[in-house]
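S.K.: Dropping a structure here in C-alpha cells format, bear with me for questions.
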Amino acid sequence: MSEGLIYAGIDEAGYGPRLGPLCVGLSVFRVRDWQAGDPAPDLWGLLSSAVSRSIKERKGRIPFADSKVLKLSNQLKRSHPLIHLERGVLAMLGASAEMPITDTDLFDRLAVALEPHDWYDTDCTALPLAGDCNALRLDAAMLRNAMASAGVELLALRCVTIGESSFNAELRDRRNKADVVCGAVRAHLERVAHLAEGNPARVICDRLSGRMRYADLVASATGTETRSLEESARCSRYAAGEFGVQFLPEGERKHLPVALASMVAKLVRELAMVRFNRYWATRNPEIKPTAGYWQDANRWLHDMDAELHDSERQTLVRMA
C-alpha cells in the first residue's frame, strides 16, 4: 500500500560566481493524503497557517520562495541580508529535530562537505545571524503543527557542495558547466529514489542552463528504464516507473520543495563565504568582503593581489 507521495525539489546556488562553492540543495517531503492521479501537492496551501509565498504576504508566517528574492541586499542597514533565508531553513530543520546553533551544526545536518582549504577552516559561526533562537523555536513549533495537521513530513534536507578545485577539475573533464551540476543532481535523485522505496515520487528540478534533455541522467540515477514524456521550452518530463522527474524554469515559483532547496543552497553558500571573508581579512584587514560574483570577484582579486600566492590564486578562482 502506498504511503502517499514522495515530493522533492532540487535547485542550485552559485552557478555564476568566480569565487566560492557551487551548491546544489535538495528537499524531500512525504505527503500522506496524496492519491495516484492527483496533481503535485500545493504545500503553500496545505501549510498556509505557517508559510507564505513571499515576504510581503508573510503576516507572521515563514516565507518560502526563490532564494534570490529572500536574500536581501547587503547594503540594508536595518535587516540582516540572510534573515529570511535562515529563518526558513532553520525553522524547517527545527520542526523535525534539534535546531542547529552554529554553521558547523547546519553543515552536519545538511551533509555539507566544504573543500579542505584554509579559507573554510575557520571558527564556526553562531546561528541565527539575525533574530533570536527563541523566535526561531516558535517558528519551528508553528511549522511542526501545520505539517502534522496536513499530513506532511520532512524526510530530508541536503546540500551537495562543489568546491573550487572539484569544479575546475570537472569542468576540464566535461567542458560544460551544466554538466558539472549534473553530478550533484544525480546524487540527489539517487537519494530520493532510495527514500521512495518504490512508492510514487515526484521530483522537480530547476532547469540546468538551457538544457532540455535529461533522460540519460534520470535513467542513470534510478537504474530504471526511463520514458521521455516531454522535452520542450516549457518543461522536460520523465517517468521511471512510479518515479517522475521534471526539469523546468523557475520551478521555485511553483513548487515549495524547489524553493526550499534554493534556500538551502543559497544559505550554505553564503555561510561558506562568511568563512572565506573572515579568513582573508586576517591576511589583509583592509580587504572588503566579497560575495564572489564576477565583477566584485575581480575587484577582490585586484585588491588581494599582493597577498595571494600563485598556488592560492590557482586554487580559489573558478574557471567559469
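A short reminder: the numbers here are calculations on the coordinates, not readings from a lab. Note that the structure is predicted; figures quoted are calculated from it, not measured. Glycine gets a Cβ as well: all are built from the backbone with ideal geometry, and neighbour counts include every protein chain shown.
S.K.: Hey, what did region 64-172 get for relative contact order, percent, Cα under 8 Å, at least 6 apart?
M.R.: Computed value for region 64-172: 30 percent relative contact order.
S.K.: Treat the count of other C-beta atoms within 10 Å as a stand-in for reagent exposure and order 195, 136 from fewest to most.
M.R.: Ordered from fewest to most neighbouring Cβ atoms within 10 Å, 195, 136 come out as 195, 136.
S.K.: For residue 36 and residue 80 in one chain, what is 0.36 nm times their gap in residues minus the Cα-Cα distance, to one decimal in nm?
M.R.: Going from the current span to full extension adds 11.5 nm.
S.K.: Let me ask you something else. Once you sort the root eigenvalues of the Cα gyration tensor of region 178-225 as a ≥ b ≥ c, which label holds: rounded (a/c under 1.5), prolate (a/b larger than b/c) or oblate (the other case)?
M.R.: Verdict is prolate for region 178-225.
S.K.: List the GluC sites (Glu not before Pro) in region 221-320 that DSSP assigns to loop (not H, G, I, E or B) and whose Cβ has at most 16 other Cβ atoms within 10 Å. Which are they?
M.R.: 225, 242, 250, 286, 307
S.K.: Relative contact order for the chain: what percent, with Cα pairs under 8 Å and sequence separation of 6 or more?
M.R.: Once divided by the residue count of the chain, the mean separation gives 31 percent.
S.K.: Follow-up. If you take the C-alpha gyration tensor of the chain, multiply each eigenvalue by 5 and take the square root, what semi-axes do you get, largest first, in whole Å?
M.R.: Here the semi-axes work out to 33, 25, 16 Å.
S.K.: Please figure out what share of the DSSP beta bridges in the chain is antiparallel and state it in percent, rounded to the nearest 5.
M.R.: So the antiparallel bridges amount to about 70 percent of the total.
S.K.: Of the listed pairs 56/177; 56/288; 77/254; 254/288; 56/254, which have alpha-carbon separations greater than 25 Å here?
M.R.: From the list (56/177; 56/288; 77/254; 254/288; 56/254), the Cα-Cα distance tops 25 Å for 56/177; 56/288; 77/254; 254/288.
S.K.: I've got another one for you. Among 59, 71, 177, which comes first, second and so on when ranked by fewest other beta-carbon atoms within 10 Å?
M.R.: Least crowded to most crowded, the residues run 59, 177, 71.
S.K.: Moving to a separate point now. Just rank 93, 143, 129, fewest to most, by other beta-carbon atoms within 10 angstrom.
M.R.: Going from least to most buried by this count: 129, 93, 143.
S.K.: Express in nm, to one decimal, how much length is gained between residue 54 and residue 169 on full extension, taking 0.36 nm for each residue of separation and deducting their alpha carbon distance.
M.R.: 37.6 nm
S.K.: Something else now. Convex hull over the Cα atoms of region 91-139, averaged projected area in nm²?
M.R.: For region 91-139, the mean projected area of the Cα convex hull comes to 3.7 nm².
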